[in-house]
Amino acid sequence: MMNGKELIIAAKNDLESHRNLLRHMQSRKSKLPDGCLATRDYDGEEYHLHIHKVEGKRVDDPISHYGKDAGKMISELKERSNIIHGMPIVKRNVNALEKFIDNYRYYNPLDFRYGNSADSRLYLDDDICINDWINEAYESNPYRPEDLIFETRCGINVRSKSEGLISDISDDFLIPKRYECKVVIDGHILYPDFLLVRPFDRKLFAWEHFGMIDDPGYLVRNIPKLDIYPKGGFYLGYNFILTWETRHQPLTRSVVVEKLREHNFI
């Protein structure tokens, strides 16, 4: 589901698309022949008429009279018909989108004077109250807790130095996060390395770090997860972040920071 800011962006893009189409329709209409196309059946054979006016009087011209240009005339009259029927819809959509964009106001409790103390009851459905989200208990990955040996500044232990790097840099920029939080998608249980909430619009992101991408067995076990995440609304390049490393090319701070910039966290 789109949040308010994304909704406005989508509406503006849709408005521009409608305006472009309307300009094209208006331009094409002026270049097409007047009148309309009529199709008749005579003894099982279809023929076409060009219905138009000459000196205010209706004229039904058999299109066969146009000779070699008959096919062009039929095509252009069909195009004109489509434009005549489609243009009112496009115009109404342009007006509706303009009014929507002018009148819509993004609702964000954090903009209120005491918004930082607002609880989830003042938020829209599917919006995330960061205060509640941070303090809410969640079910974490029960697999091999003895592997959680790398300490982070926020006090959680993670499974690798790279995960610790992601955690610490997220804290540097005050990004709310959960480590290996249980997520159920299409009947599959996943534990993304991190769930992050982008503070300015409270959009939820999943972050997976593939720490041994040069290990074929590791890839076989982990690549299938990439097919599951989209079923839960997590799309690569949109709200799903993927990083990786090899034995000879470890994850670096600059890569993590660039990923956060790329997705407008910082």
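Can you tell me which residue in the range 93-111 is surrounded by the most Cβ atoms within 10 Å (Cβ to Cβ), limited to those that are in contact (Cβ under 8 Å) with a residue 60 or more places away in the chain and among the hydrophobic types (A, V, I, L, M, F, W, C)?
Per the stated criteria, the residue is 97.
Pull out all pairs, ordered by first then second residue, where Cβ-Cβ is under 8 Å, the residues are six or more apart or on different chains, the first lies in the range 217-239 and is over 14 Å from residue 189 (Cα atoms), and the second is of a type in the set (Phe, Trp, Tyr) and in a helix (DSSP H, G or I).
235/229; 236/229
For the range 220-235, which positions are farther than 17 Å from residue 159 by Cα and surrounded by 13 or more Cβ atoms within 10 Å (Cβ to Cβ)?
Correct list: 225, 226, 228, 229, 230, 232, 233, 234.
Yes or no: residue 69 more than 46 Å from the chain's Cα centre (by Cα) and modelled with pLDDT under 90?
no
Check the range 90-105 and report whether any residue there is out of contact with any strand residue (DSSP E or B) (no Cβ under 6 Å at 6 or more places or on another chain), outside any helix (DSSP H, G or I) and not β-branched (Val, Ile, Thr).
yes
Evaluate the following for residue 23: is it modelled with pLDDT of 95 or more, in contact with an Asp or Glu (Cβ under 9 Å, 6 or more places away or on another chain) and either outside any helix (DSSP H, G or I) or charged (D, E, K, R) (or both)?
no
Go through the range 8-19 residue by residue and tally those that are out of contact with any Leu (no Cβ under 6 Å at 6 or more places or on another chain), surrounded by 15 or more Cβ atoms within 10 Å (Cβ to Cβ) and among the aliphatic types (A, V, I, L, M).
Summing the residues that are out of contact with any Leu (no Cβ under 6 Å at 6 or more places or on another chain), surrounded by 15 or more Cβ atoms within 10 Å (Cβ to Cβ) and among the aliphatic types (A, V, I, L, M) in the range 8-19 gives 1.
The values are calculated or read from the model by the stated rules, or taken from the named source; none is laboratory data. As the structure is a prediction and not an experimental result, all values here were calculated from the model. A quick note on method: Cβ atoms are made from the backbone with ideal geometry, for glycine too, and the neighbour counts reach across all protein chains shown.
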